[in-house]
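The values are calculated or read from the model by the stated rules, or taken from the named source; none is laboratory data. The structure displayed is predicted, hence computed values, not measured ones. Positions of Cβ are backbone-derived with ideal geometry, glycine not excepted, and every protein chain shown enters the neighbour counts. These area figures cover heavy atoms from the full protein model, side chains too; ligands, DNA and RNA do not enter into them. Shrake-Rupley method; radii C 1.70, N 1.55, O 1.52, S 1.80 Å.
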Amino acid sequence: MSHAEGGNSESHADLPVAARVRRLEERVVAAGLTTDADLDAYLTKFLERASPMNGARLVARAWTDPAFRERMLADGNSAAAELGVGSADPARQGFQLRVVENTATVHNVVVCTLCSCYPLALLGPSPSWYKSHAYRARVVREPRVVLAEFGLELPEELEIAVWDSNSEARYMVLPRRPDGTADLDDEALTRLVTREGLIGTALV
């Protein structure tokens with residue numbers, strides 16, 4: 001069983017996004033508020049900090065701190081801000097971060113069906129397959145088959161929930177903590193978490 005949310009949001013109505021962003025950049029530069037060089041420098045600096053390790057740190061903290069886990073599930077932006085990897089204000093961050101938790105009965109997977117919306121600061125630059133038409137089109141229709149192609153064979157009784165990101169809401173998966181990790185500290189737990197686990201195409 002699967003479901004998708006947000007995929008037909010009106011926020012995608014004016015695609016292509018890249019062209020809209022460039023027009024905005026040109027207006028800001030023309031107004032003398034910045035330069036292309038400054039924008040490039042900011043983007044380079046931002047991408048240097050964007051890493052799946054940021055999302056992994058959130059997961060490791062949630063595994064070891066139940067109160068933080070509850071805050072993260074209730075308000076992903078604020079939880080990320082606690083660890084210094086985002087803004088608590090969705091307007092300033094640019095989107096609402098929603099963290100969805102894998103459980104004994106539900107496995108979550110994230111997609112953006114109409115482009116490639118993605119919490120880049122927490123997951124790093126998106127993989128090419130995430131942006132591909134094949135993944136975006138198929139994971140909503142046949143998630144179990146697609147996950148199996150990633151090597152993730154899930155029991156038939158496990159529900160698969162598909163979450164469709166858009167420009168207003170981005171999703172990150174909170175994987176289940178692996179067995180046998182009770183003695184590991186946050187740093188060691190962080191190293192267990194992969195970008196694929198944060199998207200949902202792997203267990204962790």
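Summary of computed values
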quantity: For region 51-199, fraction of C-alpha pairs farther apart than 19 Å, in %; calculated: 51 percent
quantity: Accessible area, probe 1.4 Å, largest first, for residues Phe68, Phe150, Phe95; calculated: Phe150, Phe95, Phe68
quantity: Rg/Rg_ref, region 131-174, where Rg_ref = 2.2 N^0.38 Å and atoms are Cα; calculated: 1.24
quantity: Where Thr34, Thr201, Thr105 fall by accessible area, highest first, once all protein chains stay in place (1.4 Å); calculated: Thr105, Thr34, Thr201
quantity: Point-to-point label distance, Ala74-Thr105, nm (Cα→Cβ direction, 7 Å offset); calculated: 2.3 nm
quantity: Within the accessible area of region 93-204 (1.4 Å probe), percent carbon and sulfur; calculated: 51 percent
